[in-house]
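The values are calculated or read from the model by the stated rules, or taken from the named source; none is laboratory data. Owing to the predicted nature of the structure, the values given are computational and were not obtained by experimental measurement. As a convention, Cβ positions derive from the backbone with ideal geometry for all residues, glycine included, and neighbour counts pool all protein chains shown. Just the protein is used for accessible areas: all its heavy atoms, side chains included, with ligands, DNA and RNA removed. Shrake-Rupley method; radii C 1.70, N 1.55, O 1.52, S 1.80 Å.
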Amino acid sequence: RPVVVGGAPESRGVVASASYEARRFGVHSAMPMRTALQRCPQAVRVDGLGAALYGDVSRRVMDIFREITPLVEGLSLDEAFLDVSDVVTSELPPSEIAARLKQRVKEELGLTISVGVATNKAVAKIASDMGKPDGLTVVLRGEERRFLAPLAVDKLWGVGPKTAERLRAEGVSTVADLAARDEEWLRGAFGRTGAHMKRLALGRDD
């Protein structure tokens, strides 16, 4: 069933979160609740449970992450990078570490998480979006460019709607299109950001 979390429409509430079933109707975070319920009248609206609870659950998830590696960089309440370089062995490849991580969070907290495994942050972040809400995507070393090529250009980290619109107007709709563009042209059109986008499109992120 489609579910939206947030305040009541009559009190000018906004959507704090929406289930994937609701998102298919164009519902998204920060949207007025009135608009969300117009787009998806069958949605079930529930009030938020409070920041304190979300913060507590987030800390418990991050604690599990830090038991795997101390090298954890949190991005938000529900997203983090883990550097497992020193944990990987021939008997414990990255895919197995990721699978065990998902299993622990499920068993201990009852939550599903999506995990992306790659040689750098930018590719791992994109991989983590695959198969949500319970995905596990592994991009092997050397496969970064092939993995990224068919994706829409706005899948790249930092390419927002306006930049993506400008790129599409220039015939750049996929990551492969962007990777093929001359860096000088990208610098001329987007400044230093253009060169950065080119590196990301090639699967490079230092």
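Odds and ends about this structure:
- Restricting region 23-58 to residues that are touching a Leu at 6+ places or on another chain (Cβ under 8 Å) and either open to solvent by less than 90 Å² (accessible area, probe 1.4 Å) or hydrophobic (A, V, I, L, M, F, W, C) (or both), the residue that is nearest to K121 (Cα to Cα) is S58.
- Lone unmet requirement of (1) buried (at least 18 other Cβ atoms within 10 Å of the Cβ); (2) modelled with pLDDT under 95; (3) of a type in the set (V, I, T) for T137: (2)
- Annotation: E143 fulfils all but one of (1) in contact (Cβ under 8 Å) with a residue 12 or more places away in the chain; (2) of a type outside the set (K, R); (3) surrounded by fewer than 16 Cβ atoms within 10 Å (Cβ to Cβ); the unmet one is (1).
- Members of region 46-104 found to be out of contact with any Asp or Glu (no Cβ under 9 Å at 6 or more places or on another chain), over 30 Å from G6 (Cα atoms) and either among the charged types (D, E, K, R) or touching a residue at least 60 places away in the same chain (Cβ under 8 Å) (or both), listed by number: R66, E67, D86, E91, E96, R100
- Output for region 116-126, where each listed residue is over 15 Å from K155 (Cβ atoms) and touching a Lys or Arg at 6+ places or on another chain (Cβ under 6 Å): T119
- Among the criteria (1) over 19 Å from P133 (Cβ atoms); (2) out of contact with any Asp or Glu (no Cβ under 9 Å at 6 or more places or on another chain), the one V117 does not fulfil is (1).
- Single unsatisfied condition, D86 versus (1) out of contact with any Leu (no Cβ under 7 Å at 6 or more places or on another chain); (2) within 30 Å of V153 (Cα to Cα): (2)
- Residue list for region 45-63, filter: closer than 17 Å to T112 by Cα and touching a helix residue (DSSP H, G or I) at 6+ places or on another chain (Cβ under 8 Å): V57, R60, V61
- Positions within region 99-132 being open to solvent by 70 Å² or more (accessible area, probe 1.4 Å), within 15 Å of the chain's Cα centre (by Cα) and farther than 20 Å from V88 by Cβ, in sequence order: D129, K132
- For region 146-165, filtered to residues that are open to solvent by 40 Å² or more (accessible area, probe 1.4 Å) and without any contact (Cβ under 8 Å) to a residue 24 or more places away in the chain, the residue that is farthest from W185 (Cα to Cα) is R146.
- Selection from region 59-93 of residues that are assigned to a loop (DSSP other than H, G, I, E, B), open to solvent by less than 100 Å² (accessible area, probe 1.4 Å) and either on the phi > 0 side of the Ramachandran plot or not hydroxyl-bearing (S, T, Y) (or both): L71, D83, V84, V87, V88, L92, P93
- Any chance V15 is in contact (Cβ under 8 Å) with a residue 40 or more places away in the chain and either open to solvent by 80 Å² or more (accessible area, probe 1.4 Å) or on the phi < 0 side of the Ramachandran plot (or both): no
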